[in-house]
Number of protein chains: 2
Amino acid sequence: MTPAEARVRHETYRNKIVSAQEAVQWIRPGDTVAISGFASAGTPKAVTPALAEHIRRTRATGGDFRINLLTGASVASDTERMLADVDGIALRMPYQAEPTARGRINEGRMDYVDIHLSHVAQQVWEGYYGHVDVAVVEISGITENGELIPATSIGNNKTWLDVAEKVILEVNSWIPAAMDGVHDVYYGTALPPNRRPIDLTHVEDRIGQPYFRIDPERVVAVVETDRPDSATALTAPDATSQAIAEHVLDFFAHEVAAGRLPADTLLPLQSGVGNVANAVLAGLDSGPYRGLTCYSEVIQDGMLDLVKHGTVRFASATALALSEAGLNDFVENIDFYRDHIMLRPQEISNHPEIVRRLGIIAMNGMLEADVYGNVNSTHVMGTRIMNGIGGSGDFARNGYLSMFLSPSTARGGAISSIVPMVPHVDHTEHDVQVIVTEQGLADLRALSPRRRSRVVVERCAHPDYRAELLDYIERAEAAPGAGHTPHLLGEAFSFHERYQRTGTMHAS
Amino acid sequence: MTPAEARVRHETYRNKIVSAQEAVQWIRPGDTVAISGFASAGTPKAVTPALAEHIRRTRATGGDFRINLLTGASVASDTERMLADVDGIALRMPYQAEPTARGRINEGRMDYVDIHLSHVAQQVWEGYYGHVDVAVVEISGITENGELIPATSIGNNKTWLDVAEKVILEVNSWIPAAMDGVHDVYYGTALPPNRRPIDLTHVEDRIGQPYFRIDPERVVAVVETDRPDSATALTAPDATSQAIAEHVLDFFAHEVAAGRLPADTLLPLQSGVGNVANAVLAGLDSGPYRGLTCYSEVIQDGMLDLVKHGTVRFASATALALSEAGLNDFVENIDFYRDHIMLRPQEISNHPEIVRRLGIIAMNGMLEADVYGNVNSTHVMGTRIMNGIGGSGDFARNGYLSMFLSPSTARGGAISSIVPMVPHVDHTEHDVQVIVTEQGLADLRALSPRRRSRVVVERCAHPDYRAELLDYIERAEAAPGAGHTPHLLGEAFSFHERYQRTGTMHAS
């Protein structure tokens, strides 16, 4: 008995164990294929490479073979790249973070639909993406009762298992068996008019069950794997990230002093991934806080430290993207962590109802903000997509405090993150309350646009760009009929056009 | 005993009856004043004019006098104008629709903060707008127990009564006493971390109480009035509005046929006010629907017909903006209407949790949309504010279907409502699913930007502008490194710049 077979504790499923090469025969050209995976955690590791190879061979014999690929969020880079390399993806939804796929999207050779992560499940249930032919879902095991034990991410897996005509399961014995019990799979969602209140009032509330359920008739193949997630280890925060984090921490202290945030615990924190988010977490760990909570999408190594120290009492997410060291720590101390960490479907981790109720402090990265507080999270120079909006809009729009964080410049100073007007808006002025760079923090709450512009430039813009930004604002305000939100339409993108022309936003 | 006194059925309050001139003495320069009023329904009719006069006289003697004015949404135009005429407003929040005030805002002489209507209460509770010094709230009466019977709108009145240091009540005996019982005032909201699920699962659910409660100590004055709301009568739908409505109705039929909407009842409808919304309602009334529901902000005359005919089973809103004829009908048949119409606080009528749960079909007007589906609802030519975002974002962001409706041109054809890029974004591409003009309906669901642009132009743009829009799209796609969302930044606002230069978006 292989390690994977030991995890398939139900005979019906043991009889369906096949190789990945056999399993992909169930996937046909033109299929809509929904796979597991969120931020590189829980991507199927055997079937997707086999599918890419299957597509390559079909192509080599003159056949066409492209699928529509639905996921939780980003998936493991090598997987996305393999499928993009063989031009195997016709349509991609909802989020991607891999250069080859991104290149095809930006060349107009792959359709990409960039939607809020909280909208994916309901839109697929409604059939906006047509029939889901095949789901490929990584799990960590199958119980004696035929229930499926989730892997290191949940994402949209509950939905994929519910809606797909055919299901291929990857049972990955690399996933520590001890993770059993970390998951909370909610089966109470419905389409309107049959929706009910979701009874989650604290981040640690368990409202579902630990396992997925599935009709075994729809499972066409079970594939064994034993391969690790490709989570990246964290890098130590740099000076810029630390400066941003310090501004955030000062702001929290200010809000606590003003009586707008609870002193020890603040409110549930959501933060994106990456250097800045990690610096904020590290800063919180050395601050005055005890018993914080997090209600977010991804748990990385840094969070384990905060949980161990008691800085964070409970962290809810939809994916566990740990390094090898982090995972070892997690498994060794699983009985402790199981009381402090929970994974949920992304429709719950990002749900408008819950985000509003919990009063989440949303901290997300951005590409750029304009002087009036509109944020571009997705499109470089307004046209070339980076990764997608992900969950940032779910948290920013319905959360309690909506903060966007970024270094004030990129590309060695050639790009200013503060511009006269953003050429793509993902978060409107109505949904952005605080902007932070290493230069400072702009609190835009209760300010009219003309007041916001001064605050954004003076607090957040890099000194190299401040004079030109202020000049733009002043000339826009002086123009005839300047209006509530003064702009000079002929110059609004002057920073971007200069960059396109000269390779820098700096005036010569 | 005056008619108003007959409505003040509690001695404590009868002893506080004063004139409006006396009442406004409680309002001081620099105060933050929160008044009732939503879409012209329920604006205080005596105290606000007296306040304007009080400010004028103070000014005439050399004193300065400006207040910060918080409301539900727009208030009666004459009221807003009187206060703007005397330059009495320093800061205005959250929505306005009156030319004099709008002019001051666009000249940069009045601060205006344009926020989602569902955010107002929580932001005021949190103190983002500082201390609320005085609330002026119109009611229809005071019960023997000292409870306050709401007027024709609720808006933020519950919040104003809770948070204001001093309260001035206007008891308006013009409001039919029979309206008692139409209101549902929810007292279950809280600031995080103390929020609980809101137990509303059907539009008709009663979750609160019919009256406001208040500590009588804080009521400094009671003023009698007997003046009507200034609701505007509806005009008959024109051909353009009817064409838009027909496209909407065809779309509903298509969605029903696809199994995505319940056949008889669809899902709860939200629609803005105005000609297009009325045409849609009229179209629904002659369609196959029975037992529809509405969960919206404002009920106008047209809705009464649908309720009478059984087309609409129940309509929930926060304001009742009826014509005199409509109000007479409402009062004469109050026992019938009370079973079919309910008014709620705007934090409930627009609440993200409820909007998502009910699965609302959101139909809102717009100024313009761009070819990729970003919508500008607020800023003419990107700079001059019209009215504000109002509740459109509350419904579009969290609703089930997000539709934006507009004639394809304005100003006799000189302005195209479909443009290469909108110079102000209130609803991003992620939150806009359907765009409708009299030309047709663009269903953007599940489409990548390059596919959306063709659909928007071919379905929605006026024929006079189609060729130029297509030319823009094609050249943007052909540009080097065109990207996911092709744009030519130097030309993105060419329509708007031409309009500013020549008075028309038409190429000569």
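The values are calculated or read from the model by the stated rules, or taken from the named source; none is laboratory data. The model shown is predicted, which means the values in this text are computed figures rather than measured ones. Neighbour counts are summed over all protein chains in view; Cβ atoms, including those assigned to glycine, are modelled from backbone coordinates with ideal geometry. Accessible surface areas use protein heavy atoms only, side chains included; no ligands, DNA or RNA. Shrake-Rupley method; radii C 1.70, N 1.55, O 1.52, S 1.80 Å.
Based on Cα contacts under 8 Å between residues 6+ apart, chain A shows a relative contact order of 14 percent. For residue B:227, the residues whose amide H sits under 5 Å from its own are B:173, B:174, ignoring neighbours fewer than 5 places away on the same chain, with H placed 1.01 Å from N.
Note on the protein assembly as shown: Kirkwood radius taken over Cα pairs, Stokes-Einstein applied at 25 °C and 0.890 mPa s, translational D equal to 83 µm² s⁻¹. On the principal axes of its alpha-carbon atoms, segment B:11-225 has extents of 52, 38, 28 Å, going from largest to smallest.
When residue A:490 is represented by a point 7 angstrom out along its Cα-to-C-beta vector, the spacings to that point in the other copies are 1.4 nm, nearest first. Alpha carbon centre of segment B:237-287 versus segment A:48-71: separation in Å? Using only Cα atoms to place each centre, the spacing works out to 43 Å. Mean per-residue shielding of peptide B:378-384 is 6, counting Cβ atoms of other chains within 10 Å of each Cβ. Per-residue surface analysis assigns residue A:450 an accessible area of about 50 Å², computed on protein heavy atoms at 1.4 Å probe radius. Accessible surface for chain A, divided over its residues, is 32 Å² per residue with a 1.4 Å probe. Inter-copy label distances at residue A:60, using a point 7 Å along Cα-to-Cβ, come to 9.4 nm with the shortest given first.
Taking other residues whose beta carbon is less than 15 angstrom from the beta carbon of residue B:162, and scoring Lys, Arg as +1 and Asp, Glu as -1, yields -3.
The heavy atoms of residue B:140 present about 10 square angstrom of accessible area, all protein chains included, probe 1.4 Å. Placing dummy labels 7 Å off each Cα toward the beta-carbon, the span from residue B:504 to residue A:213 is 6.6 nm. Straight-line cross-link reach from residue B:158 at under 25 Å between alpha-carbon atoms covers these lysines, not counting any fewer than eight positions away in the same chain: B:16, B:45, B:166.
Taking each DSSP H run with n ≥ 4 as -39500 (n - 2.57) and averaging over every residue of chain B yields -9000 deg cm²/dmol at 222 nm.
Remark: label point of residue A:286 defined 7 Å out from Cα along the Cα-Cβ vector; separations to the same position in other copies 7.2 nm, ascending.
With a sphere of radius 11 Å drawn around the Cβ of residue B:247, what net charge do the other residues whose Cβ falls strictly inside it have (Lys, Arg +1; Asp, Glu -1)? Taking every other residue near residue B:247 into account, the sum is -3. Built from the Cα atoms of segment B:239-502, the convex hull projects on average onto 14.5 nm², one quarter of its surface area.
Given Cα pairs under 8 Å that are at least 6 residues apart, what percent is the relative contact order of segment A:197-297? Reported as a whole number, the value is 30 percent.
If you sort B:147, B:217 by accessible surface, 1.4 Å probe, largest first, the order is B:217, B:147.
With 0.36 nm allotted per residue and the present C-alpha distance subtracted, the residue B:205-residue B:325 stretch has 40.4 nm of extension available.
Across B:448, B:19, the residue with the most accessible area heads the list, and the full order at a 1.4 Å probe is B:19, B:448. For segment B:169-220 and segment B:332-386, what is the separation of their Cα centres, given in Å? Each part's Cα centre sits 20 Å from the other's. Across peptide A:119-127, the mean count of Cβ atoms from other chains lying within 10 Å of each residue's own Cβ comes to 3.
Mean sequence separation of contacting Cα pairs (under 8 Å, at least six apart), scaled by the length of segment A:11-225, corresponds to a relative contact order of 25 percent. If you take all other residues with their beta carbon under 12 Å from the beta carbon of residue B:304, and give Lys and Arg +1 and Asp and Glu -1, the sum is -4.
Neighbouring Cβ atoms from other chains, within 10 Å of the Cβ of residues in B:437-447, number 2 on average.
Note on residue B:125: accessible area approximately 110 square angstrom, rounded to 10, probe 1.4 Å, nucleic acids and ligands left out.
Distance distribution P(r), segment B:264-363, all Cα-Cα pairs, bin width 5 angstrom from 0: 3, 13, 25, 28, 20, 10, 2, 0 percent. For the chain pair A and B, the interface hides roughly 6900 square angstrom of accessible area in total, found with a 1.4 Å probe. When all protein chains stay in place and ligands, DNA and RNA are ignored, the 1.4 Å accessible-area order of A:48, A:504, largest first, is A:504, A:48. Rg/Rh for chain A stands at 0.99; both radii use Cα atoms, and Rh follows the Kirkwood definition.
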